[in-house]
Amino acid sequence: MTALSGEPAAANALPDPAGLPDLMEPGRGGGLADVFRRRYLLRLIVRRELRARYQGSVLGMGWSYVRPAANFAVFFFVVGIFLGMSRNVEHFPIFMFSGLILVSFFNETLINATHSVLGNAPLVRKVYLPRELFPVASLLVSVVHLVPGVAILLTAAVMWGWTPSALALGSAALGFAIVAVLGMGLGLLGAALHVFYRDTDKVVDIATLLVTWSVPMIYPWHVVRDSSPGWALDLYLANPVAEAVLLFERAFWWPTTDRTFAFPPHLTRDALITLALAVLLLGLGQYAFARLQRRFAEEL
């Protein structure tokens, strides 16, 4: 039997004689592991999110191509043409776009994950299911939107002479992993806090704005090195998204150039450390989410 609120009624997991699944104490699910055990629910939520987002749209999923192209056009003409950055950076369109798609992926993941639980309040109040499903679904929807951007980037890079290599593919995988894990960890924390503090989304909006301009996406990293004290450069390079952007530039832009551009020293080593710290943050985000989700239904 279950309570009217939709939460399981039993306090301890006891086998049901009729062969029904074990009942669990409210708020004591299996966390992210439950999400992968219930992949069918995750697929349903992802499809529902995509369908709701493009319902009544003329272009439908075509907007996932239009939006990165529009963002690219704005940044390219303002920064590349009007401010002259395209004259200072070889193959500037690829340089900028390789960072732009990754930053857009991170920002979209964090914003949508933060809104995910509150946006699904009717389900949270009425049905028991792993609440982590909603932030994870937001991450997967962002991945769906990332794919067209990567396709556009690869097409342009190949036209400029890009060829696959172990360094390029490894850098791309490491950069994506950092941003995905970091976005998921912060998204879990943001989703839980947003249930209790409705201005959390305002903080997230400001944070994503700062991220956009605090990574070497529209200017090379050495601009900061040459114009800032050493401690400011260290702080700048400690930004996990900045490291991920540098990895994407090394994966897609650098092979199309004369390869004289120097990246920060020990980039791969520092990125691996950053990934490990992002995994720790994911664990902390999951812990905070699990503790706070016990009060989701009453707050919503």
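The values are calculated or read from the model by the stated rules, or taken from the named source; none is laboratory data. Keep in mind it's a predicted model, so treat the numbers as computed, not measured. Using ideal geometry, Cβ is built from the backbone for each residue, glycine included, and neighbour counts are taken over all protein chains shown. SASA here: full protein model, heavy atoms, side chains in, ligands and nucleic acids out. Shrake-Rupley method; radii C 1.70, N 1.55, O 1.52, S 1.80 Å.
Scanning the stretch 267-285 for residues that are open to solvent by 90 Å² or more (accessible area, probe 1.4 Å) and touching a residue at least 60 places away in the same chain (Cβ under 8 Å), which turns out farthest from PHE176 (Cα to Cα)? So the residue we want is LEU284. Being closer than 24 Å to LEU153 by Cβ and part of a loop (DSSP other than H, G, I, E, B) is the filter; apply it to the stretch 216-233 and report the residue that is most open to solvent (accessible area, probe 1.4 Å). Across the stretch 216-233, the extreme among qualifying residues is TYR219. When the residues of the stretch 184-201 are filtered to those that are of a type outside the set (Ser, Thr, Tyr) and open to solvent by 30 Å² or more (accessible area, probe 1.4 Å), the one that is farthest from ARG131 (Cα to Cα) is ASP199.
With the requirement that a residue be open to solvent by less than 40 Å² (accessible area, probe 1.4 Å) and within 15 Å of ARG250 (Cβ to Cβ), what does the stretch 151-166 give you?
If we filter the stretch 151-166 for residues that are open to solvent by less than 40 Å² (accessible area, probe 1.4 Å), which is where we start, we get 153, 156-157, 162.
Selection gives LEU153, ALA157, TRP162.
Checked across the stretch 202-215, the condition of being open to solvent by less than 60 Å² (accessible area, probe 1.4 Å) and either within 21 Å of PHE261 (Cβ to Cβ) or assigned to a loop (DSSP other than H, G, I, E, B) (or both) holds for at least one residue. For the criterion of being crowded, with 19+ Cβ neighbours inside 10 Å, of a type in the set (A, V, I, L, M) and touching a Leu at 6+ places or on another chain (Cβ under 6 Å), VAL181 passes. So which residues in the stretch 249-266 are crowded, with 16+ Cβ neighbours inside 10 Å and among the aliphatic types (A, V, I, L, M), if there are any at all? Correct list: ALA251 only. Put simply, of LEU292, LEU247, LEU237, LEU272 the only residue that is over 30 Å from VAL158 (Cα atoms), touching a helix residue (DSSP H, G or I) at 6+ places or on another chain (Cβ under 9 Å) and hydrophobic (A, V, I, L, M, F, W, C) is LEU292. The residues of the stretch 165-215 that are touching a Gly at 6+ places or on another chain (Cβ under 7 Å) and either farther than 16 Å from THR114 by Cα or among the polar types (S, T, N, Q) (or both), listed by number, are THR200, VAL215.
I'm trying to understand the selection: among the residues of the stretch 28-43, which are open to solvent by 100 Å² or more (accessible area, probe 1.4 Å) and either at pLDDT 80 or above or in contact with a Phe, Trp or Tyr (Cβ under 8 Å, 6 or more places away or on another chain) (or both)?
So the first thing to find is which residues in the stretch 28-43 are open to solvent by 100 Å² or more (accessible area, probe 1.4 Å), and the list is 28, 36-37, 39-40, 43.
PHE36, ARG37, ARG39, TYR40, ARG43, listed by residue number.
None of ALA156, ALA177, ALA192 is part of a helix (DSSP H, G or I) and at pLDDT 95 or above except ALA177. Contact annotation: residue pairs with Cβ atoms under 6 Å, 6 or more positions apart or on different chains, pairing a residue in the stretch 144-164 that is within 19 Å of PHE105 (Cα to Cα) with a partner that is assigned to a helix (DSSP H, G or I) and open to solvent by 80 Å² or more (accessible area, probe 1.4 Å), are PRO148/TYR65. Here PHE289 qualifies as open to solvent by less than 30 Å² (accessible area, probe 1.4 Å) and modelled with pLDDT under 95. For the stretch 139-150, a residue qualifies if it is open to solvent by 60 Å² or more (accessible area, probe 1.4 Å) and farther than 16 Å from GLY99 by Cα, and exactly one does: LEU140.
What do you reckon, is TYR236 part of a loop (DSSP other than H, G, I, E, B), open to solvent by 20 Å² or more (accessible area, probe 1.4 Å) and hydroxyl-bearing (Ser, Thr, Tyr)? Answer is no for this residue.
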